[in-house]
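Please treat every number below as a calculation from the coordinates, not as lab data. Everything quoted here is computed from the prediction, not taken from an experiment. All Cβ positions, glycine included, derive from the backbone under ideal geometry; neighbour counts span all protein chains shown.
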Amino acid sequence: MKHNRPFSREQKTSSIKWILVLAPAALMLSGCANNMSDLTQKVDRILARPGGKIEPIPEMKPLPKFSYVETKDRTPFSPADTQTANKGNGITPDMNRSKEPLEMYPLDALAMKGVLERKGTKYALVRDGDDVLHEVQVGNYMGMNYGKVVKITTDKITLEEIVPDGQGGWRKQTAIVQQKRPNDSRG
């Protein structure tokens, strides 16, 4: 006579896990074996369509030839001589000058926070794009266009910038860094 031992709890749990894994897999595989005649018919209809006519590539017409005749003017194939262009107005930035810390930031990333005066010299307090506070006085530089501080008042810093004029030379322009009002959320 055989003894039928009941399944242990671990064997039952293991069997249930296998059933939970195999049942969905069997259902998915049975879905793949379904009749695919509708798909086959659609592919056959698409393949039965007549092919379209491909237009020939248009013939490229050659461009007219151009002969360049050298003159005393600057050739269009070499860069502009900035030394000659700058002699016209004498304005050039000092490229040999060491850059100051606030010249790493565009003016719109700088915020004037106040003014203080020590021993007769006015200093503007300027917060940079990294949230560091700097003291600036007349003669310092800020911004990315060689901006030299020429005036400090209680509510603004006036700069004289040197910017390219678009013709190989330079021109001066005035820029202002305005102190933000206490209720202004931008500064």
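Taken one residue at a time, the phi angles of the stretch 114-123 give Karplus couplings (6.51, -1.76, 1.60, θ = phi - 60°) of x, 9, 9, 10, 10, 6, x, 10, 8, 10 Hz. Gly and Pro are set to x.
Given a Förster radius of 41 Å and the C-beta distance between K156 and R74 as r, what FRET efficiency does 1/(1 + (r/R0)^6) yield to the nearest 0.05?
The formula returns an efficiency of 0.45 here.
Taking other Cβ atoms within 10 Å as a rough exposure proxy, T71, T154, T92 sort from fewest to most as T71, T154, T92.
Given a Förster radius of 25 Å and the C-beta distance between D131 and S98 as r, what FRET efficiency does 1/(1 + (r/R0)^6) yield to the nearest 0.05? Display every interim value, and only then the final one.
On the way: r = 24 Å, r/R0 = 0.95.
Efficiency at R0 = 25 Å is approximately 0.60.
Only lysine pairs 8 or more places apart, or on different chains, with alpha-carbon atoms under 13 angstrom apart are counted in the stretch 94-178, and they number 5. Quick one: plug the Kirkwood hydrodynamic radius of the stretch 94-178 (C-alpha pairs) into Stokes-Einstein at 37 °C, 0.692 mPa s, and report D in µm²/s. In µm²/s, the coefficient rounds to 249.
Could you give the dipole magnitude of the stretch 94-178 about its Cα centre, charging the beta-carbon of Lys and Arg +1 and that of Asp and Glu -1, in debye to the nearest 20?
Values: 12 positive and 13 negative charges, 73 e Å.
Using Cβ point charges on Lys, Arg, Asp and Glu, the stretch 94-178 gives about 360 debye.
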